[in-house]
1. Give me the pairs, please: first residue somewhere in region 169-195 and over 17 Å from G76 (Cα atoms) and at pLDDT 95 or above, second residue anywhere and assigned to a helix (DSSP H, G or I) and among the polar types (S, T, N, Q), beta-carbon distance under 8 Å, and either six or more positions apart or on two chains.
2. Just one of (1) in contact with a Pro (Cβ under 6 Å, 6 or more places away or on another chain); (2) not in a helix (DSSP H, G or I) trips up T107, so point out which.
3. Find the residue count for region 14-52, including only residues that are aliphatic (A, V, I, L, M), touching a residue at least 24 places away in the same chain (Cβ under 8 Å) and part of a helix (DSSP H, G or I).
4. Name the residue that is nearest to R55 (Cα to Cα), counting only residues in region 91-113 that are buried (at least 24 other Cβ atoms within 10 Å of the Cβ) and of a type in the set (A, V, I, L, M).
5. Picking from A109, A123, A119, which residue would you name as being under 25 Å from N67 (Cα atoms) and not basic (K, R)?
6. State the number of residues belonging to region 53-87 that are in contact with a Pro (Cβ under 6 Å, 6 or more places away or on another chain) and part of a helix (DSSP H, G or I).
7. Give me the helices (runs of 4 or more DSSP H) completely within region 148-267, filtered to those with at least 3 residues that are crowded, with 24+ Cβ neighbours inside 10 Å, ordered by residue number.
8. Got at least one residue in region 56-75 being under 23 Å from L182 (Cβ atoms) and of a type in the set (K, R)?
Amino acid sequence: MNWGMMTSAERDAAYNNSDAVKNSPALNEARIAASEAFRKAHPQHLGLRYGPKERNVWDLFPAKDPNAPCFVFIHGGYWQRNSRDGFSVLAEGVRRHGWSAALPGYTLAPDASLSGIVAEIFAALDWLAGAGAAHGIAGPLVVSGWSAGGHLTALALGHPAVRAGLAISGIFELGPLRDTYLDDKLRLTDAEIAALSPLRLAPVQKPLAIAYGTAELRALIGNSRAFHAHRATAHAPGPLLPVSRANHFTILDELRRPAGRLTSLVRSLIA
């Protein structure tokens, strides 16, 4: 996309998933309601603190086998909205296959910079690697995330406790966001764009699957395809999965369902 030739309104629209998917409020409300029911059914390990800030907490859903793989899901919302508890139901798919699941919270912009958010994710993973066994989670960690969480997943892949990852509909080049409404709260610096854009960094040599919906916005499709190509050039392992006809919100159905394509993809990352 030629950002220099686009109007401000066109640049905003390029990343506005809510406007692009007209029934997104209903889809979000249904996911949040299902997550509330899921949490009520599994209340034993919720709100476990890993840091001093309000959102520095984990929700854990351990499997019967403490050594089972653990699916770590980082929520999206362009780093400035949503919370972990609205995505709890996405643990259903992998848990039906005997996995544990864990969802971290993190401080949102503008209360935290993007650098601060990334640091919180790494601190959360430090805590899970050290304290998870006390809550029934001692197996290998597979980190995943959607939208902004896909970006954080790409960076979290470098954490020593993480075995593999799945980035869903992520943003892997931050530069264009400086010209959109998203930067009103993010306030990205030149240093952050350079240091936190996965497309500008040497790929981590661990398996990373990258998925996107074929009905998503062009900018997000382009980010996923370019990031996979970037990793492939460096011989970094991991497939690219276009999910046919899925948009930015319905793609999550493939993670929630035990037979979903993303559930199967997550399971394939641990040999």
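1. Taking only residues 6 or more apart or on different chains, the pairs are E192/S115; A195/S115.
2. Of everything listed in (1) in contact with a Pro (Cβ under 6 Å, 6 or more places away or on another chain); (2) not in a helix (DSSP H, G or I), T107 misses just condition (1).
3. So the answer is 6.
4. The extreme case among them is L103.
5. Answer to the selection: A123.
6. Summing the residues that are in contact with a Pro (Cβ under 6 Å, 6 or more places away or on another chain) and part of a helix (DSSP H, G or I) in region 53-87 gives 0.
7. Helices (runs of 4 or more DSSP H) meeting the threshold: 148-156, 218-233.
8. No, because not a single residue in region 56-75 is under 23 Å from L182 (Cβ atoms) and of a type in the set (K, R).
The values are calculated or read from the model by the stated rules, or taken from the named source; none is laboratory data. Everything numeric in this text was worked out from a predicted model, so none of it was measured. Positions of Cβ are generated from backbone atoms using ideal geometry, with glycine treated the same way; all protein chains shown enter the neighbour counts.
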